[in-house]
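*Asks:* One structure follows; several queries about it will come next.
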Amino acid sequence: MRNKTRTKRKLEDLDRYIAPCKYCNQDVSSQQSFVALVKSLNPISYNYAHYDCMKADDERRHNGTERSSNQTTSG
Ligand SMILES: [Zn+2]
């Protein structure tokens, strides 16, 4: 019995599943840009989310509560 592997999996092609997105509940994979949000400190645990989802949520919050324009841009 020969076990021939016809298609070699490249490391770049590996889509590594990380966790469900906190916002949209879809899979977050290492190939996408994602963020880790601290869920609890003791024990330390994280929520994972797509970067875009996190940004969208952030923007929504800022729109809801209109603060005085804070012009702190860094980066
Ligand atoms: Zn998402």
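*Asks:* Name the residues whose placed amide hydrogens come within less than 5 Å of the amide hydrogen of residue 49, ignoring near sequence neighbours (fewer than 5 apart) on the same chain.
*Replies:* Correct list: 22, 35, 37.
*Asks:* Give the relative contact order (percent, whole number) for the stretch 15-65; include only Cα pairs under 8 Å separated by 6+ residues.
*Replies:* Relative CO of the stretch 15-65 lands at 31 percent.
*Asks:* How do the peptides 48-55, 31-38 rank, highest first, by the average count of neighbouring beta carbon atoms within 10 Å per residue? Mind showing how you got there, number by number?
*Replies:* Working: 48-55: 17.2, 31-38: 13.5.
Peptide ranking by packing, descending: 48-55, 31-38.
Throughout, read-outs are computed from the coordinates displayed, never taken from laboratory work. Just so it is clear, the structure is predicted and the values come from calculations on it, not from any experiment. Cβ atoms come from the backbone with ideal geometry, glycine included; neighbour counts cover every protein chain shown.
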